[in-house]
Amino acid sequence: MHFSIQNIIFLLVALAGFGLFAWQASRIRANVLVGRDRDMSGHVNERLWKTLLVAFGQQKMFKRLTPAFLHLIVYVGFIVINIEVIEIMVDGLFGTHRFLQFTGPFYSALTGTNEILGALVIVAVVAFWWRRNGNVVKRFTGPEMRAWPKMDANIILYVEVVLMAALFLMNTADLKAYQLQGLDLPGAYPISQFLTGLLPDSVPTLHALERVGWWAHIVGILLFLNYLPSSKHFHIIMAFPNVYFSRLIPQGQFSNVESITHEVKAMMDPSYAVPAPATNPDGSAVAPAPFGAKDVDDLAWTNLLNAYSCTECGRCTSVCPANITGKLLSPRKIIMDTRDRMEEKYNAPLLFSPALYGAEAKHDPQEQLDKENHTLLRGYVTPEELWACTTCNACVEACPVNINPLDSIIEMRRFLVLEESAAPNALNAMFSNIENNGAPWAFSPSDRFNWADDLFVAEKGTLEVKS
Amino acid sequence: MAEQTAKRPVSVPVMADLAARGESPEILFWVGCAGAFDDRYKRVTRAFVRILDHVGVNYAVLGKEESCTGDPAKRAGNEFLFQMQAMTNIATLDGYGIKKVVTACPHCFNTIKNEYPALGGEYEVIHHSTFLQQLINEGKVKAEGGESFKGRRITFHDSCYLGRANDIYEAPRAVLEVLDADLVEMKRCKTNGLCCGAGGAQMWKDAEPGNKEVNIERTEEALATLDGTDAVLNNLRGVESNAPATPASAKAAGGSVIAVACPFCMTMMADGVKNKEREQDVQVFDLAELIASAEGLNA
């Protein structure tokens, strides 16, 4: 053990890194909690099982095999290599060197696996970069994939390569320094053993390079951790709570609006007692919430959690029948807009203030919008997008982390119809037909049973002809 | 055989009449607005009733007392109108003590099954695809004695509100199995099925500006699947395809079939086939029509 000033610096750096992340996480938690209440409690076993399959098990990724395998490499690499971060933390705090080496064969397995995974991660990241930048995968393009989302996606890939490179620099320098001194470095280094020729033959230089790799790896991880809340890469954390809190009911079941239930019951039965509205601490009635959603705070907290879980992969948009046929609707845009609007109205992320990239983020005619209409609906999402939805649930089915864009779309449609009477004319006609004829078409209710007129069935097995 | 059968009038039992006689049916057939008013889907309703009658199911319909479930209003965001419809219908159903409902419309099915309970309407709801599957499994329907579909090519178009919305993928396919036809799956099927374009109240409005109608995209996929023209399939992605006006290979007598299990899919796919000028060799049928036809119940 060589306790030194390095350990104190490390302690301060680690505290700063984790502290800053905790502060950022609390600000995001506050953003999510501006959403409306929705009871997602209970069914713990069912929810845990789903989280195990969909989040830990990457179940829905395997609908598309190539990205599934590439993603699996990076995902497993992330988890396994982070076991080594435990060692880095202990070494950093107490001045030990490769603290886990006492585990013997396990340590060889761990370091060996890490090296192979590290190399595979670099291969996967290169493939990812090519898929994204080589115009290979169409879903990485689209109007919502503006400058920042594109840059963000590439930054993540570059950082992953740098982190892996730091790991190899550390291992190779350490290994070579040991070899030059005629010693055996504990652990297995199936990749670094081929890289020693790239480094100089001076033991002090190798020691210095080992320190550079070590510091670059851990500082890189801490910086990356604090980059996450500004990035789509936040999904590596949010995917887990998002899947846990996703719906367990059939996808076709839309939410019930309870305040309307009370009104309708009161209309149908005058003796029905509508529950008294909630009261403020001073005894005044709480102003009723609008029907549906105009802005992010009208959405449920789960819809807002969705927005922080999105990694902008575009699977939703690539299967959306409206988007496929050239309509403006893109489910991914609805989710990205929700996050942008939250970050504009409430806590902004640390690195990328919406003001810096916000003008580009908003829908074109936003300059003409007055303050009242500068909301999620109209400020970001246009009615044209919302009305193009066929509610087919393809986007919901496609999302690897159980994001539900349809839920948000319906909430905004409800606002348009119930608060603004702003449905397309054809739909208003359909509503009138239902009200007047009990059918969405203009048919007379008295003709409803005409289909049964002159109905005959062939009677089998008889030769006797009846009239 | 047609010349050996006689036809018998079917008097469809109406719930109000049964109640007046103090009787209650085993199951209520919820016809739905399309089943009652849409000329094309009325034929599906009649086919399904022929099957019910033939098998001897103790059923009834609401007749003129039925009203829209409220599905299109709810999908369009008009929650108020939806709940008005729902509570009116629940009052009617509960008034007759209905416990079990069968319907040929996935939208009615989804709404009554999943959205009525929150408003106090609890019923066992079953889609006609599942109901037909049960009749087949029980040996009550054999798909014999009528039109033969043997060797004819059939592809099934998944309804969103049956499939993804309620995880019913196998029942309609099991029903088609009994026809002994050449069943082919579209590339986008089951959980990956492509919408016909009519859901979410789109049935009642024009589509937003785009470069293609959804039902054309889906019909091209269905036709290319039936024709076996992979080149077309590989190019489908909102791009107008150069699907040949005539099939690549000659089809067995009777032509190919796009099978559906939803009134809106029926309209959209039939319009698509018409648009592609393939009505002469490709027909769109509901499961109930295929079964009634194969069972020789049409009269």
Open item on the list: What do you get for the angle between helix B:39-55 and the principal long axis of chain B? Use alpha-carbon atoms, 0 to 90 degrees, nearest ten.
Closed with: 60 degrees
TODO: Tell me the label-point distance for the pair residue A:280, residue B:134, using the 7 Å Cα-to-Cβ offset, in nm and rounded to one decimal.
DONE: 5.5 nm
Task: Label point distance in nm, residue A:136-residue A:11, each placed 7 Å from Cα along Cα→Cβ - done: 4.7 nm
Open item on the list: Skipping prolines and chain starts, which residues have an amide H placed within reach, meaning under 5 Å, of the one on residue B:184, given they are 5 or more residues away or on another chain?
Closed with: B:154, B:155, B:156
TODO: Please turn the phi angles of the stretch A:385-398 into ³J(HN,Hα) values with the Karplus equation 6.51 cos²θ - 1.76 cosθ + 1.60 (θ = phi - 60°), one per residue in order, whole Hz, x for glycine and proline.
DONE: 5, 5, 6, 7, 6, 9, 6, 7, 6, 5, 5, 5, 5, 6
- [ ] Could you list the residues of the stretch A:1-16 with an amide nitrogen less than 17 Å from a label point located 7 Å from the Cα of residue A:223 in the Cα-to-C-beta direction?
- [x] A:10, A:13-16
Task: Cβ charges +1 (Lys, Arg) and -1 (Asp, Glu), total dipole of chain B, debye - done: 140 debye
Task: Relative counts (whole %) of C-alpha pair distances in the protein assembly as shown, using bins that are 20 Å wide - done: 15, 41, 29, 13, 3, 0
Open item on the list: I need the peptides A:416-428, B:264-276, A:303-315 ranked by packing, meaning the mean over residues of other C-beta atoms within 10 angstrom, with the highest value on top.
Closed with: A:303-315, B:264-276, A:416-428
Open item on the list: Quick check: residue separation of residue A:123 and residue A:212 times 0.36 nm, minus the Cα distance between them. What number comes out in nm?
Closed with: 29.7 nm
TODO: Determine the shielding of peptide B:188-199 by partner chains: average, over its residues, the number of Cβ atoms on other chains within 10 angstrom of each Cβ.
DONE: 5
- [ ] Would you order B:128, B:157, A:2, A:217 from fewest to most other beta-carbon atoms within 10 Å of each residue's own beta-carbon?
- [x] A:2, A:217, B:157, B:128
Task: Sum of side-chain charges, residue A:240 neighbourhood, beta-carbon under 13 Å (Lys, Arg +1; Asp, Glu -1) - done: +2
Task: Vicinal HN-Hα couplings computed from phi for the stretch B:128-134 (Karplus, 6.51 cos²θ - 1.76 cosθ + 1.60; Hz; Gly/Pro x) - done: 5, 5, 5, 4, 5, 4, 5
TODO: Take peptide A:443-451, look around each residue's Cβ out to 10 angstrom, count Cβ atoms belonging to other protein chains, and average those counts.
DONE: 6
Open item on the list: Can you give me the distance in nm between label points at residue B:55 and residue B:277, each placed 7 Å from the Cα along the Cα-to-Cβ direction?
Closed with: 4.2 nm
Task: Least to most buried among B:297, B:179, A:100 (fewest other Cβ within 10 Å first) - done: A:100, B:179, B:297
Task: Exposure proxy ranking, count of Cβ atoms within 10 Å, fewest first, for A:449, B:29 - done: A:449, B:29
TODO: Using a Förster distance of 35 angstrom, determine the FRET efficiency expected from the C-beta separation of residue A:425 and residue A:20, and round it to 0.05.
DONE: 0.10
TODO: For each cysteine in chain A, check whether another cysteine's C-beta sits under 4.7 Å from its C-beta; list those where none does.
DONE: A:310, A:313, A:320, A:389, A:399
Open item on the list: Amide H of residue B:14 versus every other amide H placed in the peptide plane: which residues, excluding those fewer than 5 positions away on the same chain, fall under 5 Å?
Closed with: B:61
Task: Ordering of A:173-181, A:154-162 by burial proxy (mean other Cβ atoms within 10 Å per residue, highest first) - done: A:173-181, A:154-162
Task: Partnerless Cys - chain B, beta-carbon criterion under 4.7 Å - done: B:33, B:68, B:189
TODO: Sort A:375-385, B:113-123, A:195-205 for me by packing, meaning the mean count of neighbouring Cβ atoms within 10 Å per residue, highest on top.
DONE: A:375-385, B:113-123, A:195-205
Task: Helix-only [θ]222 nm of the protein assembly as shown, DSSP H runs n ≥ 4, -39500 (n - 2.57) each, per residue, nearest 500 - done: -15000 deg cm²/dmol
Open item on the list: What is the angle, in °, between the Cα long axis of helix A:203-227 and the longest principal axis of the Cα atoms in chain A? Nearest 10 is fine, range 0 to 90.
Closed with: 20 degrees
TODO: Loop only per DSSP, at most 15 neighbouring Cβ atoms within 10 Å: give me the GluC sites (Glu not before Pro) in the stretch B:1-75, ordered by residue number.
DONE: B:23, B:26
- [ ] Over the whole of B:108-121, what's the average partner chain Cβ count within 10 Å per residue? Rounded to a whole number, please.
- [x] 3
Open item on the list: If you fit an axis through the alpha-carbon atoms of helix A:258-268 and take the longest principal axis of the Cα set of chain A, what angle between them do you get, 0 to 90°, nearest 10?
Closed with: 10 degrees
- [ ] Count charges around residue A:438 for me, please; just the other residues with Cβ under 12 Å from its Cβ, Lys/Arg as +1, Asp/Glu as -1.
- [x] -2
Open item on the list: With a 10 Å cut-off between alpha carbons and a GNM built on chain B, which of B:49, B:125, B:184 moves the most?
Closed with: B:184
Open item on the list: Please list 3J(HN,Hα) in residue order for the stretch A:303-319, calculated via the Karplus relation 6.51 cos²θ - 1.76 cosθ + 1.60 where θ = phi - 60°; whole Hz, with x for glycine and proline.
Closed with: 5, 6, 4, 3, 5, 7, 9, 7, 9, 6, 6, x, 4, 4, 5, 6, 10
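The numbers here are math on the coordinates, done by the rules we state, and not lab data. Model, not experiment: these values are computed from the prediction. Quick reminder, even Gly has a Cβ in these numbers, built from the backbone with ideal geometry, and neighbours come from all protein chains shown.
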